[in-house]
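Coordinate-derived values only; no laboratory data. Predicted model, so just to flag it, every value in this text is computed and none were measured. With ideal geometry, Cβ positions are generated from the backbone for all residues, glycine too; neighbour counts draw on all protein chains shown.
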Amino acid sequence: MDLKTLLIALDLLEIGLAAGASTFALTFYFMGIKDEVIDASERRFMGAVYFVLRVAIVVIVVTELFYILYWGFDAFTLVKTMEVLWFRWMLLGIIVANALLMHFHKMPMWLGPALAGGSWYALFSATIWPDLALPFETLLSYYAIFVVAMIAFLRLVKFLYLKK
């Protein structure tokens, strides 16, 4: 297996891991707030999921940097277009900023989980879609629509799941 194939495989693995962990983070969050108290066992599960997400983001950033160090910016055309590259990096920035804001309780809870989940799923889509070659503005528009849809979906889940 050559280095390019290994990096692409690692890229897909880490993105899949992160998107899956994000799904569990949202699930455990709703399970935790159902009774309006997040107990110790629920905190432990959420802590494990957040640890996996942190590991995934570190591995993603290291992989992205390795692409640059090994091949330079032109090498990204082997994997994705430059527009998709910038879009992916924007999503990574949003994911990290959102995680920090949520950690310090500076992000509203109606937006933070939807932004996190929406960003991870958008990053997943931008990574696994082999022929993705859209302008950055189009990618950004689709992302905005997706985050709004995630907000609506999570509010619906909260309404249905938490109704007394």
Would you mind computing, in nm to one decimal, how far apart the modelled labels at Leu17 and Lys4 are, each placed 7 Å from Cα along Cα→Cβ? 2.5 nm
Highest-first arrangement of 89-101, 57-69, 18-30, where packing means the average Cβ count within 10 Å: 18-30, 89-101, 57-69
Could I have the simple spin-label model distance between Phe159 and Ala40, label points 7 Å from Cα toward Cβ, reported in nm to one decimal? 3.8 nm
In the chain, how many lysine pairs have Cα atoms under 16 Å apart, counting only pairs 8 or more places apart or on different chains? 4
How long are the semi-axes of the ellipsoid equivalent to the stretch 40-139, from square roots of 5 times the Cα gyration tensor eigenvalues, in whole Å, largest first? 28, 16, 11
Taking alpha-carbon centroids only, the stretch 105-119 lies from the stretch 8-47 a number of Å equal to 14 Å
